[in-house]
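The values are calculated or read from the model by the stated rules, or taken from the named source; none is laboratory data. All values reported here derive from a predicted model rather than from experimental measurement. Every residue, glycine among them, receives a Cβ derived from its backbone with ideal geometry; neighbour counts consider all protein chains shown. Keep in mind that these areas ignore ligands, DNA and RNA; they rest on the heavy atoms of the full protein, side chains included. Shrake-Rupley method; radii C 1.70, N 1.55, O 1.52, S 1.80 Å.
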Amino acid sequence: VWLTGSPLVYFSNFIGIFGSPNKGLFVYAPALLASIYAIPRALRANRHIAVFALLVTGGTVAFLCLLKSPSDEVWGSRYMHVAIAPLLVCIGAAWPRFEWRKHMLVAVLAIIGTAISFLGAFYYYGVLDFAAKRAGQNTLEWLTGDYDWNHVQFNAQLFRIWVSGAKTPTPWPPEHTWVWSAPPNAQPRQTFDLREFSRPQSFMVRFWNAPKPGVVLPIFRMYVTALILGLTLLAWAAVKTLKEDCNQSFP
């Protein structure tokens, strides 16, 4: 029941796995666009890494292309996450040294990807499914093909509502664009207030200014400590890496 019987769908799935506006791998991890140019170079510089990345990516894509829908209701291209690390390593093998003038575009794509990943982490991925059920539009075809249910756009809207502290209702979803008029037996649009779903999933954010009775306070302090420690260790690792790179460049 999950497999498609049309060879044409294999081709369209292949394109969609990488470039679908709602579920494409390059949409949720835009820095991976650099792998298109990096793989040929990596094959010459470090063949083993490039071959491994191609096997992981190609094998996963070949399997997913057989499905009627190669993605689920979750965040992004769910099953392609196994290819992200190998492709990033492949990019590093192709260009082992970062040069601002040559790799500025990669840096821009990485910044955009960081913003997208932030939206994915700020809200529980199932919020979109809950909202689709409320609207009566929780079909797999809508979630993967209707731009109103684009996960990045949806989370961005939730984030704007939360940041602005909106006091007036935000009706959702938008009306469909019928061609050219709605059929007489069309299901009526079920709207709801999007503010109901704008509460972030982060424990620290939710309880920052809220009362912290009982066990909530020590848990909150533990999270804050872990955040500070994590950022400190990340900065230390970055500084150490830069120093090692400078020592190798100027022995």
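Taking the conditions exactly as written (under 24 Å from HIS81 (Cβ atoms), over 17 Å from the mean Cα position of the chain (by Cα) and aliphatic (A, V, I, L, M)), does LEU140 satisfy them or not? Lay out the reasoning, then the answer.
On the way: under 24 Å from HIS81 (Cβ atoms): yes; over 17 Å from the mean Cα position of the chain (by Cα): yes; aliphatic (A, V, I, L, M): yes.
It is true that LEU140 is under 24 Å from HIS81 (Cβ atoms), over 17 Å from the mean Cα position of the chain (by Cα) and aliphatic (A, V, I, L, M).
Scan segment 171-189 and tell me whether some residue there is open to solvent by 70 Å² or more (accessible area, probe 1.4 Å), among the basic types (Lys, Arg) and modelled with pLDDT of 90 or more. No: zero hits. When restricted to residues that are open to solvent by 60 Å² or more (accessible area, probe 1.4 Å) and either in a helix (DSSP H, G or I) or in contact (Cβ under 8 Å) with a residue 24 or more places away in the chain (or both), segment 2-17 contains 9. Please indicate, with yes or no, whether at least one residue in segment 193-211 is under 21 Å from THR139 (Cβ atoms) and either without any contact (Cβ under 8 Å) to a residue 60 or more places away in the chain or open to solvent by less than 100 Å² (accessible area, probe 1.4 Å) (or both). Yes, the conditions are met somewhere in segment 193-211.
Can we say LEU143 is part of a helix (DSSP H, G or I), under 15 Å from TRP75 (Cα atoms), in contact with an Asp or Glu (Cβ under 6 Å, 6 or more places away or on another chain) and among the aliphatic types (A, V, I, L, M)?
yes
When GLY76 is tested against (1) outside any helix (DSSP H, G or I); (2) surrounded by fewer than 18 Cβ atoms within 10 Å (Cβ to Cβ); (3) small (Gly, Ala, Ser), only condition (2) is not met.
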